[in-house]
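A.B. asks: Below are the structure tokens for one structure; questions will follow.
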Amino acid sequence: MEVSVTVHSSQFPEQLEAELLESLRTRKLNHKFLYEGRRQARKWQVIHQKYSPSRSDDDTQKLFESVFDSVATQVKSPAAHVIGLGCGTGTKDVQLLNKIRNRGIMLVYTACDTSVPLVLTARQKALEILDTRHVHDIVADLLTAEDLERVLITQTTGNSTRVITFIGMIPNFEPGEILDRVSTFLRPDDVLVFSANLAPGDDYCAGVEKVLPQYDNPETRDWLLGGISEIGLERQDGELEFTIEDDEDSQDLLRIAADFVFSIDRTIEKSGEKFVFRAGDKLRVFYSYRHTPKTARDWLNRANIIVTDEQLTENQEEAIFICRKLAPEGSDTPLAIPSARKPSS
């Protein structure tokens, strides 16, 4: 069976080549290269299945079900457009689609991610419950696809409520940058479903240390080393080093980082440009911020996004927020009042 996938110019080969060169210049790998190709996407799925609380923890799964029930009741129009920003495999999006569909609401779904294999997977899952006319896909970079909102608008009918999911995405972006970008997609009457990976417990530093094994494990190491192989390095050129570090820009956050530390001198040539790495040099391969409920709310508020409902898992490793964009001053759109289902720090 042949399938046509829409690829935005932000994921065209020349753009990817330019971003790869910039990654080598700055010695900071753009995280999109960790998901390029079917092998890398599959390795990520294995990690997600084994270590993500949303897949491995029954309480987390039940919490998503509860949140999606709540979101479905907020769709008052006869139609809804669910947009998965960073859709991954589409598992959570399809759960939400089923909840809304059970209320007799007509649905349109758009799967959006930087990875062709992941978008295809999400698309196929959605087609199990929706007609092909109502399933759209776009392979795009959320940060650089400046006209992405225009594309999404063309897929939304005038009487639809838009429900935008941004699940499990914020750890791998600078929080201010990505949430400002998400805010540009939101209209005051849209619903945003947002999740954040947390540092559990009252001691923030201890909480980050507790979840470190979710990152420093054989499966994740294999995935990250596969990513550096994609850019022309060999696994034997060095080794991965995991650390917990402060973020100089956000100041209130810690992140888990993985660097590839060269054990030998290595020169890579790309597009006629040479990149020299000496033994002991580091290439930043990966990072993941861990939030608290308060830091997540604070960063959302800075992006003009308000939390109308908040739920935490019992293990305190994940929070799910239902959000809306703050209506412009003078607007007739009523302001939703934030309320938390569970007390949080």
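Taken together, the values in this text are just the output of simple stated rules run on the coordinates, not laboratory data. The model shown is predicted, which means the values in this text are computed figures rather than measured ones. Here the Cβ positions follow ideal geometry from the backbone for every residue, glycine too, while neighbour counts run over all protein chains shown.
A.B. asks: Magnitude of the Cβ-charge dipole of region 37-128, K/R +1 and D/E -1, about the Cα centre, nearest 20 debye?
C.D. replies: 340 debye
A.B. asks: HN-Hα J couplings of region 9-15 from phi, Karplus 6.51/-1.76/1.60, θ = phi - 60°, integer Hz, Gly and Pro as x?
C.D. replies: Using θ = phi - 60°, the values come out as 4, 5, 10, 6, x, 5, 6 Hz.
A.B. asks: Evaluate 2.2 N^0.38 Å with N set to the residue count of the chain, then give the Cα radius of gyration divided by it.
C.D. replies: So the chain has a normalised radius of gyration of 1.00.
A.B. asks: Treat every Asp and Glu Cβ in the chain as -1 and every Lys and Arg Cβ as +1, leave all other atoms uncharged, and give the resulting dipole magnitude about the Cα centre to the nearest 20 debye.
C.D. replies: Charge dipole, the chain, about its Cα centre: 960 debye, nearest 20.
A.B. asks: Ok, one more. If I stretch the segment between residue 51 and residue 9 completely, what's the gain in nm (0.36 nm per residue apart, minus their alpha carbon distance), one decimal?
C.D. replies: 11.8 nm
A.B. asks: For region 96-112, in order, what is each residue's ³J(HN,Hα) by Karplus, 6.51 cos²θ - 1.76 cosθ + 1.60 with θ = phi - 60°, in whole Hz (x at glycine and Pro)?
C.D. replies: After applying 6.51 cos²θ - 1.76 cosθ + 1.60, I find 5, 4, 5, 4, 6, 4, 5, 8, x, 9, 5, 10, 10, 10, 10, 9, 10 Hz.
A.B. asks: Name the residue farthest towards the positive end of the dipole of the chain from the options 94, 285, 9, assuming +1 on Cβ of Lys and Arg, -1 on Cβ of Asp and Glu, about the Cα centre.
C.D. replies: The Cα lying farthest towards the positive end belongs to 94.
A.B. asks: R0 = 25 Å: FRET efficiency of residue 25 with residue 230, Cβ-based, nearest 0.05?
C.D. replies: E(calc), rounded to 0.05, equals 0.90.
A.B. asks: Tell me, what is the Rg over Rh of region 111-176, with Rh the Kirkwood radius over Cα pairs?
C.D. replies: Rg divided by Rh gives 0.97.
A.B. asks: Please tell me the relative contact order of region 48-104 in percent, rounded to the nearest whole number, where contacts are Cα pairs under 8 Å and at least six residues apart.
C.D. replies: This gives 31 percent for region 48-104.
A.B. asks: Assuming 0.36 nm per residue, please report the length gained on full extension of the stretch residue 314 to residue 268 beyond their Cα-Cα distance.
C.D. replies: Full extension of this stretch gives 11.8 nm more.
A.B. asks: State whether region 124-237 is rounded, prolate or oblate according to the following rule on the C-alpha gyration tensor (a ≥ b ≥ c being the square roots of its eigenvalues): a/c under 1.5 gives rounded; otherwise a/b larger than b/c gives prolate, and the remaining case gives oblate.
C.D. replies: Judged from the Cα gyration tensor, region 124-237 comes out prolate (a/c at least 1.5, a/b above b/c).
A.B. asks: Considering only 29, 305, 267, whose Cα is most displaced toward the positive end of the charge dipole of the chain, charges sitting on Cβ of Lys, Arg (+1) and Asp, Glu (-1)?
C.D. replies: 305
A.B. asks: Right, something else. I'd like the antiparallel share, as a percent to the nearest 5, of DSSP beta bridges with both residues in the chain.
C.D. replies: So the antiparallel bridges in the chain amount to around 55 percent.
A.B. asks: Please report the relative contact order for region 60-206, taking Cα pairs under 8 Å with a sequence separation of at least 6, and give it as a percent rounded to a whole number.
C.D. replies: Normalised by residue count, the contact order of region 60-206 is 25 percent.
A.B. asks: Could you tell me which of the pairs 43/270; 76/125; 43/125; 32/99 are separated by over 28 angstrom between their Cα atoms in the structure shown?
C.D. replies: Cα-Cα > 28 Å for 32/99; rest within.
A.B. asks: Suppose only helical runs count, i.e. DSSP H with n ≥ 4. What mean residue ellipticity at 222 nm does that imply for the chain under -39500 (n - 2.57) per run, divided by all residues and rounded to the nearest 500 deg cm²/dmol?
C.D. replies: That calculation yields -10500 deg cm²/dmol at 222 nm.
A.B. asks: Scan region 211-304 for trypsin sites (Lys or Arg not before Pro) in coil per DSSP, keeping those whose Cβ has at most 11 other Cβ atoms within 10 Å, and list them by number.
C.D. replies: 278
A.B. asks: Can you list the residues, at least 5 places off or on another chain, whose amide H is less than 5 Å from the amide H of residue 286, using H built in the peptide plane?
C.D. replies: Here the answer is 258, since their amide H atoms fall under 5 Å of that of residue 286.
A.B. asks: Taking the 0 to 90 degree range and rounding to the nearest ten, how far is the long axis of helix 218-230 tilted relative to the main principal axis of the chain, both from C-alpha atoms?
C.D. replies: The helix 218-230 is inclined about 70 degrees to the chain.
A.B. asks: For a Förster distance of 25 Å, can you work out the FRET efficiency between the beta-carbons of residue 69 and residue 205, rounded to the nearest 0.05?
C.D. replies: Between residue 69 and residue 205 the formula returns 0.10.
A.B. asks: Take each of the peptides 307-314, 80-87, 201-208, 177-184, average the number of other beta-carbon atoms within 10 Å over its residues, and list them starting from the highest.
C.D. replies: Going from most to least packed, we get 80-87, 307-314, 177-184, 201-208.
A.B. asks: Let me ask something else about it. Roughly how many nanometres apart are two label points built 7 Å out from the Cα toward the Cβ at residue 245 and residue 184?
C.D. replies: Spacing of the two 7 Å Cα→Cβ label points: 2.7 nm.
A.B. asks: Say each of residue 252 and residue 61 gets a label point 7 Å from the Cα, pointing the same way as Cα to Cβ; how far apart are those two points in nm?
C.D. replies: 3.4 nm
A.B. asks: Find the relative contact order for region 1-75 and round it to a whole percent, using C-alpha pairs within less than 8 Å whose residues are 6+ positions apart.
C.D. replies: Computed over region 1-75, the figure is 10 percent.
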